[in-house]
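**Q** Dropping a structure here in structure tokens format, bear with me for questions.
The values are calculated or read from the model by the stated rules, or taken from the named source; none is laboratory data. Here the structure is a predicted model, which is why all the values come from computation and not from measurement. Cβ placement follows ideal geometry from the backbone for every residue including glycine, while neighbour counts extend to all protein chains displayed.
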Amino acid sequence: METLLTLSKFLLLGLLIAFPFPLLKALRLRVGNKAYLLSYILLSLLFLGILMFLIAWWADQSQMILLSHYGFDHDAMSDVERFRHVAQENMERVKSLQRRSLGIGWPLKAMFGFVIFIPYLFIVYFVSLLINRIKNKE
């Protein structure tokens, strides 16, 4: 179960890293040079927002799924009730997962991730522009 959830997180992260490249290629074929940068910025920010929202939500949700899988009771009032159905060999793992779920929520994580990831979009754009200019000179 844990492997499947981790694999899905890496898949979403790979999608986040790879999405600017097909977007640039599609825009290069359909849009003129004047609207190319503006179209790329608007569409990439839209996709980035959606993907970052999905990644942050899924990270939180997968942690809740994993806690439920181990027998953790989210609706209980005391720690004794919460950990009642957790097997003794999984107790440390469940406690660490529960501690990790405290703190800032996934919407704030999504906002921070969105802001932090914006420079990557510009780096991809300028590297793509540089590669195209080098190819055109040859």
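**Q** Within region 79-97, does at least one residue satisfy the condition of being under 15 Å from Met1 (Cα atoms) and among the basic types (Lys, Arg)?
**A** yes
**Q** In region 50-99, which residues are over 19 Å from Leu11 (Cβ atoms) and small (Gly, Ala, Ser)?
**A** Ser68, Gly71, Ala76, Ser78, Ala87, Ser96
**Q** Would you point out which residue out of Leu46, Leu42, Leu38, Leu5 is under 30 Å from Gln63 (Cα atoms) and either at pLDDT below 95 or buried (at least 16 other Cβ atoms within 10 Å of the Cβ) (or both)?
**A** Going through Leu46, Leu42, Leu38, Leu5 in turn, the sole match is Leu5.
**Q** When the residues of region 13-24 are filtered to those that are surrounded by fewer than 16 Cβ atoms within 10 Å (Cβ to Cβ) and in contact with a helix residue (DSSP H, G or I) (Cβ under 9 Å, 6 or more places away or on another chain), which remaining residue is farthest from Gly71 (Cα to Cα)?
**A** It comes out as Phe21.
**Q** How many residues are without any contact (Cβ under 8 Å) to a residue 12 or more places away in the chain and outside any helix (DSSP H, G or I) when one looks only at region 67-82?
**A** 5
**Q** Which one of the conditions (1) modelled with pLDDT of 90 or more; (2) closer than 28 Å to Val127 by Cβ; (3) out of contact with any Pro (no Cβ under 9 Å at 6 or more places or on another chain) does Arg30 fail to meet, given that it meets all the rest?
**A** Unmet for Arg30, out of (1) modelled with pLDDT of 90 or more; (2) closer than 28 Å to Val127 by Cβ; (3) out of contact with any Pro (no Cβ under 9 Å at 6 or more places or on another chain): (1).
**Q** State all residues of region 94-138 that are farther than 19 Å from Leu45 by Cβ, under 23 Å from the mean Cα position of the chain (by Cα) and among the basic types (Lys, Arg); if no residue qualifies, say none.
**A** Arg99, Arg100
**Q** Take region 18-55 and flag every residue that is among the β-branched types (Val, Ile, Thr) and free of Cβ contacts under 8 Å to residues at least 24 places away in the same chain.
**A** The answer is Val31, Ile50.
**Q** Could you look through region 96-138, keep only residues that are surrounded by 12 or more Cβ atoms within 10 Å (Cβ to Cβ) and hydroxyl-bearing (Ser, Thr, Tyr), and pick out the one that is nearest to Gln61 (Cα to Cα)?
**A** Ser101
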